[in-house]
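Single-structure report; data block below.
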Amino acid sequence: MIEQIPAKHIVTRTKDSSWFGINYNMNIYRGCCHGCISCASRSSCYQIKEFEQVKVKENALAIIRDDLRRKVKKGVLGTGSMSDPYNPFEKELQLTRHALELADAFGFGIGIATKSTLLERDADILQSIREHSPVLCKITITTPHDELSKKVEPYAPPSSQRMELIARLSSRGLFAGILLMPVLPFLEDREEDILRLISMAGEAGARFIYPAFGMTLRDNQKEWYLDRLEELFPGDGLKSRYLKTYKNAYFCTSSRAKQLWDTFAKACEEKKILYRMSDIIPAYKRGYENTQLSLFDFP
Ligand code: SF4
């Protein structure tokens, strides 16, 4: 039985909409059981105890309904920033699904970030939202290799299944693409892997890829990550390479970042895949500018 936690509000206004044009955030769940070894939500600054144990906010749908009803301005409602809205419990609980129905009823757009193929279940509601408001599906994929994705994101579907998800969402007319982040230094930052991933994305009909060639590491998350590297890749010396290269740095950028960016940008241009935030936001909001939703442009 999933534990419930109290909440007063669930839909909160973002400070600005520079991140994918998202105007509001919504986290129905706290914690995540996908087990990604690099997960930043483990950092002590977020103070989430027992992060692997998913908890759900009590009366979530009634709170979301009231939050949305009170908003004077419509906008794009984002979900998936601190926990995956499609964790395994969602299959039965269907809270994310019903929250999308509320967004649809109240005239909000949607921006979802997930690593789960369960998102496809709700494509019908996303298609309904699309009739009046922008819809953005961000699927995180950081390696073209299933074997590696199963190691670094053990309880999420492997990369190939997520790529197939993008193909199916795209075939239903939904604006879907890839969050290529974090690209883990020494593990995922090989040029041929990035090119392979772009090629697969092109075949799947991905509209965008938004990358970060590196990762962030701090306090609790850092120890967890480095210990998992030792466990998963014994004898590779990855932990000591990280410590030697990055010491106590927060931003751990791949030493190949500049070269990777050049190669990445060129390959995306060739395949007509968007990769700059300044292109992605207007592309998925196109066609809604002259509706009620100059609202979708507010800062
Ligand atoms: S899916 Fe996201 S929130 Fe869940 S463990 Fe992985 S990185 Fe963390």
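Overview of values
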{"read-out": "Amide H contacts under 5 Å for T216, placed H, 5+ residues apart", "value": "C252"}
{"read-out": "Over the chain, relative contact order from alpha-carbon pairs under 8 Å, at least 6 apart, %", "value": "19"}
{"read-out": "DSSP-loop trypsin sites (Lys or Arg not before Pro) across the range 195-299, with at most 12 other Cβ within 10 angstrom", "value": "K247, K272, R276, R286"}
{"read-out": "Positive dipole terminus of the chain, leading residue within T263, A62, H98 (C-beta point charges)", "value": "A62"}
{"read-out": "DSSP-loop trypsin sites (Lys or Arg not before Pro) across the range 19-62, with at most 15 other Cβ within 10 angstrom", "value": "K49"}
{"read-out": "Charge tally in the Cβ shell below 15 Å around E164, where Lys, Arg are +1 and Asp, Glu are -1, E164 excluded", "value": "+2"}
{"read-out": "Selected from F20, L148, G237, residue furthest toward positive end of dipole (the chain; charges at beta carbon)", "value": "F20"}
{"read-out": "Cross-link reach list, aspartates and glutamates versus K15, counting only Cα pairs under 15 Å and skipping chain neighbours closer than eight places", "value": "D297"}
{"read-out": "Cα gyration tensor, the chain - rounded (a/c under 1.5), prolate or oblate", "value": "oblate"}
{"read-out": "Overall form of the range 1-53 per C-alpha gyration tensor (a/c, 1.5; a/b vs b/c)", "value": "oblate"}
{"read-out": "For the range 69-128 and the range 178-229, distance of Cα centres in Å", "value": "24"}
{"read-out": "DSSP-defined antiparallel bridges as percent of all bridges, the chain, nearest 5", "value": "25"}
{"read-out": "Inter-label distance for A40 and Q94, nm, one decimal - labels placed 7 Å from Cα along Cα-to-Cβ", "value": "3.4"}
{"read-out": "For the range 120-128, Karplus couplings with θ = phi - 60° (6.51, -1.76, 1.60), whole Hz, Gly/Pro x", "value": "4, 3, 9, 4, 4, 6, 4, 5, 5"}
{"read-out": "Distance between modelled label sites at E191 and R286, nm, 7 Å Cα→Cβ extension", "value": "3.1"}
{"read-out": "For the range 148-292: rounded, prolate or oblate by the Cα gyration tensor [a/c cutoff 1.5]", "value": "prolate"}
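All of the numbers you see were taken from the coordinates with simple rules; none came from a lab. Not measured: the values here are computed from a predicted model. FYI the Cβ positions are ideal-geometry reconstructions off the backbone, even for glycines, and counts take in every protein chain you see.
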